[in-house]
């Protein structure tokens, strides 16, 4: 592999796209998760939970637009192949995102009697979007196989991703609230963790079994040795977080953010494993990132903008999170 | 069923639903900034009440715009893979810049603008408002650049059936881009002006005589009255630009079947594409020649020069007439209202009654205008480069039919809910009048206590 621009640019964009997806999964994960947890929360708690994500969700969802946008602009061939193969789940994902996005705003503005309706729609949209994302991940892992086995596996991953998002949501509630709701969230986190762990094991086992090429990437010496930290570290973090759920919340609210950060770390490890499995393919076993990439001169002009803007986005995202830091209070337009 | 026509209807429905909300947010951001700056300058809390009423509309419209916009970015891939495969090298960077420079600016600062009034200083809050308004406008800039390039593509070369950029400056500032951008920004401003004026008129009809109602009403009416003649001029210039670069579209807009001098202006007709003639025609002699060539003997292009290569005549002809007709109505209503507000300091009840449905006139004109220009681009997706029929994806017709049906139902319900909330918010504001509490504003007019 020679290191010239036509080789490097698709690689850089694959990295950027991966980063955008990872940030999206972590950030929108917690607000989708809170939508899922709506099913288990009381009326007053729902208001607090909304207040905990209110200022953030618009920006969180924008990372999905960036991720899909990068797929669209940097790998147009893959964008078409993947999205036409996943037509119905993508459609369901979009319906879910539309429902929850508008329910979020409507529930705060309609007459009080209609609020319950929009709360239910918010839950429904969140769960549909999460399940659709999980299903798409499952189908993608199996190389866009939409046979019966693929669908079953997709359904399993869908449930587990929804659980993982619920865990993220619970962790965010632990960070942003106090009192009874916080205690409740610890219980939610513990339950969701079990399903999340099951899901990660299922995906990890199914991926190499489904693709001999991926099997060969993981189970050869010495790659096995270099890669072993990924599963081992994930398992350790899971076990540790599981133990933590029996001690939270702590006095002075210490470690309130820890569960969220731990889950983010686990997501990152899992994501790294997936990325290693698929590299260099963007459509599993069909299109490599170089085959699917746009012309180098077009990628170069996008990159020029990206290296300027992305750091600014990350910087002011931190700023926004700082402005709305601390425990969630009533969300008002003033 | 035919996936091509279903995909086209689906994309058309989607983009029609989507454009309703950017049409509001692009200009409403600046309108909110205006309310805010007036408040900063005068300390008059009525401006802040107007701000808080309309910032809710902004939040709701923004959310509707985001979710329908996400849908669009997916539909390029799910239904039109041929589009990015052919012109991805050009459309890609333009879309990427839209996402990078604009969308993020809006989305991240929106939180501070909407919910941060008590958490940051007034200066930062004003800055966030500026950034959100600037972000929405930048968004529009990039999208209009791409759309205009699809209408009048330049600055590229074809290699192996794929477009490659040769001159980015020419691509962004392509021949129709400045006209379309100005036309759209003005359209958005007029949409918002009429929306504000119409909902304020509704409050007026319900007996609200509060200062915040008057301020919003005057802002809406005067902005509309000033902008509508400018818009008519800008639209005329855009038309002349189209005549130069897309004559077949003008021929369809005017339902002119044969190239020649002394072409009449068709006021009413039912164009019949099979017979290639107009039925029930009502015309002004030499009108089209005078408008388009400024001379009665000016030669106007006809559809006979573009056989098999021109858009469907009926929808383009009528969409254009609906847009122009709405524009004329907007002129009459806004100037009458401005006259009464300026000279008589009152609003006659019948005029207020007319202004309420006119709240949606901007939407109607914007949609009709986009239908004119987008259907007017057919049969091409990118003029002269890619036909719409060649871009459609391999998805089965039944799947597209299913998604289309659900989208249509969903959009109809959401639109009803959205309009319901607008009316509810207006009536609530009418009931509260100048008595609604403004925490953090009344006590200290120019600053807010920052919450811990």
Segments A:78-86, B:350-358, B:155-163 sorted - mean Cβ within 10 Å per residue, highest first: A:78-86, B:350-358, B:155-163
Peptide A:297-305, shielding by other chains (average Cβ, 10 Å cutoff): 5
Estimated [θ] at 222 nm from DSSP helical runs (n ≥ 4, -39500 (n - 2.57)) normalised by residues in chain A, nearest 500: -27000 deg cm²/dmol
Using a Förster distance of 51 Å, the FRET efficiency for residue A:43-residue B:322 (Cβ separation, nearest 0.05): 0.65
Normalised contact order of the range A:8-323, rounded percent, pairs of Cα under 8 Å and 6 or more residues apart: 22 percent
Full-stretch length increase - residue A:194, residue A:239 - with 0.36 nm per residue and alpha-carbon distance subtracted: 15.2 nm
Sites residue B:413 and residue A:268, calculated FRET efficiency, Cβ-Cβ separation with R0 35 Å, nearest 0.05: 0.35
Label-point separation, residue B:284 to residue B:340 (7 Å along Cα→Cβ), nm: 2.8 nm
Shape call, the protein assembly as shown: gyration tensor on alpha carbons, a/c limit 1.5: oblate
Relative contact order of chain B, defined on C-alpha pairs under 8 angstrom at six or more residues apart (%): 22 percent
Cβ-derived FRET efficiency at R0 41 Å, residue B:406 paired with residue B:166, nearest 0.05: 0.45
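Each reported figure results from applying straightforward, stated rules to the coordinates on display, with no laboratory input. All values derive from a computational prediction rather than experimental measurement. Virtual Cβ from ideal backbone geometry, glycine too; neighbours counted across all protein chains shown.
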